[in-house]
Structure formats: C-alpha cells, structure tokens
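The next block holds one structure in the form of structure tokens; read it before the comments.
Please treat every number below as a calculation from the coordinates, not as lab data. Only a predicted model underlies this, so the values are computations on that prediction, with no experimental measurement involved. For neighbour counting, all protein chains shown are included, and Cβ atoms are generated from backbone atoms with ideal geometry for every residue, glycine included.
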2 protein chains.
Amino acid sequence: MNYTIGDFEANKMKIIGCVNQAKAQGVDLLVFSEQAVSGAPAYDLLNKVSFLDLCEDSLVEIASYCDNISVLVGMPAQSTNNKTISVAALIEDRKIKRYVGKKTIDSRDELFHLSPSKGCEYIKIRGTKVAVVVGSDIKTEQEYGDYADIIVNLCNSHYMRGCIENRYDFYRRLAFMTGKTVVYVNNVGGQTDVIYDGSSAVFNSRGEALALLKSFEEDFHVIDLNADVPPCKIPEQNKTINVYRAIKLGLGDFFRKNGFLSACIGLSGGIDSAVVAALAAEVLGPENVHVLLMPSQFSSDHSVDDARILAENLGARYQIVPITQTFATLTQTLGPIFGELPFDVTEENMQARLRGMMLMALSNKFGHILLNTSNKSESAVGYGTLYGDSVGAISIIGDLYKSEVYDLARYINRNGEIIPSNTILKAPSAELRPNQKDSDTLLPYDILDAILYRMLEEGQSREEIINAGFDEEDVYHVYGMVIRNEHKRYQFCPVLRLSSCVLGKNRIMPLTSRYGC
Amino acid sequence: MNYTIGDFEANKMKIIGCVNQAKAQGVDLLVFSEQAVSGAPAYDLLNKVSFLDLCEDSLVEIASYCDNISVLVGMPAQSTNNKTISVAALIEDRKIKRYVGKKTIDSRDELFHLSPSKGCEYIKIRGTKVAVVVGSDIKTEQEYGDYADIIVNLCNSHYMRGCIENRYDFYRRLAFMTGKTVVYVNNVGGQTDVIYDGSSAVFNSRGEALALLKSFEEDFHVIDLNADVPPCKIPEQNKTINVYRAIKLGLGDFFRKNGFLSACIGLSGGIDSAVVAALAAEVLGPENVHVLLMPSQFSSDHSVDDARILAENLGARYQIVPITQTFATLTQTLGPIFGELPFDVTEENMQARLRGMMLMALSNKFGHILLNTSNKSESAVGYGTLYGDSVGAISIIGDLYKSEVYDLARYINRNGEIIPSNTILKAPSAELRPNQKDSDTLLPYDILDAILYRMLEEGQSREEIINAGFDEEDVYHVYGMVIRNEHKRYQFCPVLRLSSCVLGKNRIMPLTSRYGC
C-alpha cells in the first residue's frame, strides 16, 4: 500500500480496508509493510512522543477490526527504555499481542532516528511456525532451523536502479538455502525524494516465485500455502521502463500528497527540460503544465522551435518570454561596478538566474510548482548555475546521468514523436555564449558518464579508473570538478532518488577540505 | 590545535611542532584532540581507504619524532573488520604502540561514517595509570576504580551556546566523583559550519580546575601533576561574547581554509546585514569587504542612509545599485503572463531575488564570497525568499534568533557607534511593499523568539508552550509557519552552528507530511 507520512486517518482507513477484504476471503495471516501506520521516512517525527502516540491510537483502532484473522503491521513504537524502534505489531483476536522489533538500522534515513531492537521473533499461526523479520534484519538473520516454516519480512525498501532484480534474487536464494517459504512485503509510493517500489513477493522452499506483486503500484494478493500454487516466471526487468515508472510514481505522489495541482517548467529546447515536461504532462495532465520559453540573444532558432514543438506535442500551455531586455537592464545597472571587464561566466550565470527567477515568479503568482530540469552528470561536475539551474521544488531527473536521460527520451517517444527528434539528435549546449557546446567544458557525455559512474556508484579511485583504460588527464579533470562543486549540491533542491549514490544523500563530503585537491 | 580536513601535511607539521616543544620541556605525556591527524568532521572521506592510508602515513612520520615522550593523538583508522573507527593512537619510543577506539557514536556528523569500537582502555605512563577515553565515551564510562589515576579524554566537541560552562561543570563533577585527575583535550577551529571551541582543561580530584586552556584559540599548556599547582578560578562565561568569538573563528577559518580572500554583502540598512558586515570587516579587514546597497522604490531614505553610514564607519567599499529599473523591466517582461493580477508576494520575492542575483554577479565577477544575512527567527518561520534571502556561501548569524542579533549589535558597538543606532532602534522591516513591518506578518520578535526557543531548543509541544502562558493562537501560528517552511530550509546555504538545534542539521523533518498540519 501507499501511505502518507503522518496522515494517520488515511493510512488507518487503507489498512482497515485491507483487513476487511482479507477477512472476507478467509485469510489466516495478513501482512503489511514496515512503518505502514505512520508512513516513512518520518525522520525526526519518529522522536516525537505525540507522533508515536498517534501510531498507537491508530493501531488500537485497527485491532478492533481484526477478528478471526492474524495481522502483522509495521509501525514505529517506543521501546521500554524510551527509544524509538521499528516494529511489526502482531494483532490476534482484536488484541495487540506483541511487537517484533528491528535490530539492524542501516539506512541513512533511519540511523539518526531509530534505535536497534531485539530482532527476529517466532510466532505460530494456526499451527504454522512463522519467523517475523523487520527490514534489513533479513540480511543478517539466516539461521532459522526448525523454528520456522515461513519467513515473513516487513520492509521499507527504496527503489534504486537494478534493485528489483537483485531483491528477487536475494529472496529466491534465501528461500532455497533455508528451505522455507519466504514472504516479502514492501511499501510502495513516493515520499518527496524517496520512492518505495512495492514488488512484494512470495517464494517457495525451492526458490520458485509463487506470487509477484505489482511494482510501483498498490497490490493486494491472497495466497494459499497449502494449495499447490504453480510457480510464476520472474519477468525480465527493463531499467529504463522501471526508472520511467519510478519517476512517474515519485512525481505523482509529490503533488498528490502535498496537495499541489499544477507545475511549471522552463523549456530550453534541450533534452533535459523536454524529458521533464513530457513526464509532467503525462503524470499531471498537459492542462496542469505551464511551460516558459525564455530565449536570449544566444539562443539558436532551432532551440525555440524545438521547445515550441514539444509544448504543442504535449498540449501544454506555453509562453515565450525573452530574457534579453531584463538581461540588458541588469547589465546596465551593474555597469558602474563591472566597468570594462569582459563578458565571462558571470554573465552566463546571470542568464541562468534570470530564468530561475522568472520561473519562480510564475510559480509564486499562479501556485504552480517549479520542476527542476538538471541531470546527474551536470550536477556531479557542477556544470550548472547555483540559484539558476538548481532551483525548483523537486528534481525528477537529477539522479540520472545524461545518457540515461536520452534513454528515457527515446522511451517516451516509443509510440511516436513527442520529444522532437532534433532535441535528441543535436549536440547538447547551455547556449549561454555564442556557439557554446557542453563538450567544450566537459568531456563527451559517454566518457564523462562512464568515469562518473565508476567514481560515484562503484567508489573507484582515480587509479582504478585510469587502470580500466580511461585517459589520466580526463579522470583527474572529472575528479577535480566533482570535488570542487560540493558547495553547489549543498543548496540543490530535493532530487528523486533512483540510484545507490544520490549526491548529498548517499555521498556527503566536507565543503572545506584539502583532500583530493 | 586548529586542523584542516585532509590537509595532512599541515596537520602533521603542527603536531610535530608540539611534540618538539613538549620534548624540550621534558613532558612525559602529550595529548592531542580527537581526529587531529585528519581534521574533522570528514564525513564520507572517513570511509575512503586512501584517506585512512594518509592518516596512517602521517602517524608513522609523527611517531619518528616521539623519542623520550609518550603521545596520544586522535585519528580515524580502519578496524580489523574494515570499519572506520575513531582512535587515540599511543606512541612511545617512536613506535605506534596501540589504538584505543571510541565506542559511543552519538553525533549526527559521525553516525553514518564511524563504527563503534571497544572504548576506554588503560595505559601506564612512568608508573601512573591513565584511562584513555575518546569522545563521548566519557559520558557513559564512569567506573574507573583502581585502574586509573588520571582520566584523559580526547575530544571533538562542537561549540553551542552555553556548552563551555556545561562542559566545565561536567568534567569538574567527573573529577570529583571519581576522585581522579581529569584531562580534557578538545579541537579548536571552524570547519565550514562546525566550530570547535577548544576550552581544554585539567581538573584535580577535588574538582578544582588546574588549567583552563584558551577558548576559540589554539593553546599549548604543560602541567606538572606531581607539583602543587594552585587551582584557578573558572571565569564567568558571557554568551554574547562567546557567540561573537565563535562566529569570528568560524568565519575566519572558512575563508582561510578555503583560500578565500574577500567577501561581499548586501546592506539593507537593517540589523542583520549590519551585524554581518561589521563581523566580516573585523575578521577579513574592511578592505576585503565589498558591500552593495540595492534600494527599490519601497526603500525608505533612512535605510540607505543607515547602510551608507555603516559602510563608512567600517571603511568598507560600498556601491549603490538600485534594483528599480531591472525590477521594472522584469515586471514589464512578465506583463503578458501576469496580466492585471495585483501586486502580491510574487513581486516581493522578485525584489529579494534580484538582490540575490546582483550579489552573486558581484561574487562571480570579482571572486568575492557572498555572506548570507538571514537570522534564525526568519528562517524558522520562512519569513524570507528562497533564492533571495537564502543565498550565500555561508550564513554566519543564521543560528541566532533576532534578539540575539541585537545583543551582538550592541556588543559590536561597545566602544563606540559602528552600527548606526537608528539601525538598532527602528522597527524591523523587509521594505518589499509600502510601510511594511515584520510584525505585520510575524509576531513581535520577543514573543516569536520565546515561542521558537521553546519549540526548537527545548522540544516543547504546542500544549506545553500554551500552558507556559503564551497565547494559543500565536503558538499555533508559529508552529504552522515552521512546519510549512521546511522546504525553504532544505535549500538554504550552510549555517554556522551556534546552538543545540540548528535547523536542517539537528532537526530534520519530512518535506511531505500531514503531521501537525
């Protein structure tokens, strides 16, 4: 199920709805995900007594519906020594029977906020021995012996590229190695930057999948473990499609859960803003997407054309507001200070910031939520203007390398051209000075992305990357840019997390340091 | 000593310098602070093998200087199971004899990056039994029995208001309760937003201070524990003076350690920017401070006058660059989109963002580092423009309530008027629309600050604050503003930490939540 943090009423109603549905189908044991009652990640709310009290109140009401059924539901709770722990609450005969706590706190989102508890415990449901495991305890707890016939794991697993296949693989092996049935129940839904992907599953003791629940959607599934359920085939996972679905879920829930209705986006004619606009139009409806084209004297004709064609293809409202005049007035105002100093990166940044300002004005005036359009390659090397390219309420492609943005663009065009092919084919340019190309400052994106991937996701050192065949100068160039631009990422808007190395979340570096310089 | 993160060469030379000085004075045991070799907080650098290798290399070289002396020096190290731990390395006879690890990892800056180790160990220095305790282990380890005559604690304690007197009190009691001599050695210096305050100390078994080392400065002190050292009086701590010294240290080190030379600041005529400019002029020299006055049609004459007088008092370079024309051009450009819609918060934000943009242009063109001028009262309730008031490389008063900014202003004027008295006496106003006063939107600052202090630093609930005598409507109003503005603080620049509740660092809230709404 898809929960909202702190929306106790809605979460409770959703849980009770499932309880009633399960009772109607004669279910013995109904399992929810970790922290279902509260929604997650709740950060410091987890340490507020009033927040935990509301969890308890919800649980008591949920319990009152649980006759003739056993229920395991995740929630944060106060331990006997007044710490907050994550538990699976067991409800039977309308009574809260016990809490099974989580021992392993290994997520950066929880490390501050949750304390370790006892870990795996065993319960008996109609004669069947069930091991109840919360979250990552499943990774360390491997010796179930004769204590369990079934292992049930309540989770809160974030989406990241490749995680679904890896997770299926892990649970399949666990089932096979322990010789037990394994039930994995995960949360689904977006919570600002975090996306839970669902993909709950049941595997039998031969490591075969008996049930694979939906990814990126709510799902409810009843399985009879005494019946001879035929195993199902694990479908091939397509990374681009999964990323596409993850972003749609994250974006949609960000708007829905915050009560936002409409978005605004700046269209440059380039690939990044095109992909963001196409995704927004699909998720929010084109009538709720307002785009601005903000050309300057450095914008090429084709950029404006490409942006306009995209807006028309999407059916989104668009307006052309050149920044030329404001830029000229601003330059004139600053004239007495700048004197005869030549045009440099200052004026490039001014253009990006003027665009950010116009978009924020549109956002303020009409209540549209500004979507950021930066990608991970740019933000990693700092190829973007702070308070210009960094602005927005949320970045939906900020954890995708440029090459992945192209993959997404091609997927969006799978049934016909939505993003103009010229946008996909032309060389990327910031168009902040005459005849500028990204590759003038950066490396070609295929090389840049490959070096960044090794550096960020695989944690390779400069030497390792050079030994893998990359040019030494290129590698040092990229490393230097990443290190020098930590301060820009510090003030970046929230970024939908799609990888194992989200900058600023999975990778936190000091802003003042001599290391690596 | 004042270390720089990752500047192994400089840190090592500083440590070796102390070793030589101590040897010349016939010292038996020389103690440095926690993570002296690496500098702190190093965040994810702590998990890089190459970073830890450089620590080891430094330590080996330091050891080569340690003949006829025992040395305890803090550094991060790799544990036998490949985790990073914080240790006190014991050097004797030029050899690294052992590592004493830290058990308690309780700082949010370290929780991700350090693993718990074994904790307190005992060593013998010329027949004297010494308990070696790293960091917060001192708070839990209280049973030393006969194992120790002296307790030595290597630390990395952040500054926060009131911490020095609390810490003296803690160590005094510890010495008295255990009946042992207690030696506390703390780091000093600014590391971006973190300030270590030094204030190392030695207490005898009667709980008397035998040595109080400098606060906010490096210090080196030799004490003969066999001699009859007369106890010294613990001086009264003045919060405003300590905050003033903390900011000067933090600001100065931010510039020095990053190699920055000059700063720029926007002066409004108000108290916040005045205090920031005065501090910057004092720390960096007035010749390195470039201020802009950016009046609009809503600025009062006295604002420009007050700002000009301040700049002249400081001897800082100032220029007056009205935003009126750029604001007019921008408004005109947006005209076709905004139509006849009335002037609202959009236009107020546009003014703040134009100012932010001009300051960033100045920063980009001349390499000045932009100092943010927001205070904690504003940022807590979101009374400020994102990408306008939030901009800057660092905020030096962003963890001070408005009332504390006034205290600082009066202290800055202690020997004569630097900040114009009109700036201190007039009612605060953002001057973004005619006759605006902060108290129109907010409460009077004395009430606002009192409610915020109870909410943020003391963690009181709405009910507790109301029961303490505050108006129910006011309390709900303030709570609502704090909760609704989490997203602005997410993208705020780094803030010098001066309290126990720095927003976004000591208090992390979900951006999407229904709790408290």
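At a glance:
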quantity	calculated
Shielding score for A:107-113, defined as the mean number of other chain Cβ atoms within 10 Å	2
Mean separation of Cα contacts under 8 Å, 6 or more apart, over the residue count of segment B:96-153: relative contact order %	32
Overall form of segment B:467-517 per C-alpha gyration tensor (a/c, 1.5; a/b vs b/c)	oblate
Dipole in debye (nearest 20) - the protein assembly as shown, about Cα centre, beta carbon charges: Lys, Arg +1; Asp, Glu -1	1280
Kirkwood-Stokes translational diffusion coefficient of chain A, alpha-carbon pairs, 10 °C, 1.306 mPa s, µm²/s	64
Gyration tensor verdict on segment B:243-438 (Cα atoms; rounded if a/c is under 1.5, prolate if a/b is larger than b/c, oblate otherwise)	prolate
Peptide A:501-513, shielding by other chains (average Cβ, 10 Å cutoff)	6
0 to 90° range, to nearest 10: angle between helix B:445-456 axis and chain B longest Cα axis	40
Rounded Å value of the spacing that divides the Cα centres of segment A:228-297 and segment A:132-197	28
Cα shape, segment B:8-237, gyration tensor, a/c 1.5 rule	rounded
Low-density loop cleavage sites - trypsin sites (Lys or Arg not before Pro) in segment A:117-147, where at most 12 other Cβ are within 10 Å (DSSP)	A:R126
Nearest 10 degrees, 0 to 90: helix A:402-412 Cα axis against chain A principal axis	70
Label distances, nm, B:R317 versus same residue in remaining copies, Cβ-directed 7 Å point	4.6
Entries of A:K14/A:K248; A:K376/B:K103; A:K83/A:K233; A:K103/A:K233; A:K102/B:K97 with Cα pairs more than 31 Å apart	A:K376/B:K103; A:K83/A:K233; A:K103/A:K233; A:K102/B:K97
Three semi-axes of the equivalent ellipsoid, the protein assembly as shown, Cα gyration tensor, whole Å, largest first	44, 42, 29
Within the protein assembly as shown, helix-based [θ] at 222 nm, where runs of 4 or more DSSP H residues each add -39,500 (n - 2.57), nearest 500	-11500 deg cm²/dmol
C-alpha long axis of helix B:163-178 to longest principal axis of chain B, angle in °	20
Label spacing, shortest first and in nm, from A:D44 to its equivalents in the remaining copies (7 angstrom along Cα→Cβ)	2.4
Nonlocal amide H pairs with B:I320, under 5 Å, H built at 1.01 Å	B:L293
Cut-off under 5 Å, modelled amide H: who pairs with A:I125 long-range	A:V130
Spatially proximal lysines relative to B:K365 (Cα-Cα < 24 Å; intrachain offsets below 8 disregarded)	A:K437, A:K488, B:K257
Centroid-to-centroid separation of segment A:20-39 and segment A:442-477 [C-alpha atoms, Å]	47
B:F343-B:R410 FRET efficiency (beta carbon distance; Förster radius 30 Å; 0.05 resolution)	0.25
Calculated label separations, A:D106, copies of the chain, 7 Å along the beta-carbon direction, nm	2.6
For residues of B:324-334, the mean tally of beta carbons on other chains within 10 Å	6
GluC sites (Glu not before Pro) within segment B:328-392: DSSP coil, no more than 12 neighbouring Cβ in 10 Å	B:E340
Relative contact order %, chain B, counting alpha carbon pairs below 8 Å whose residues are six or more apart	10
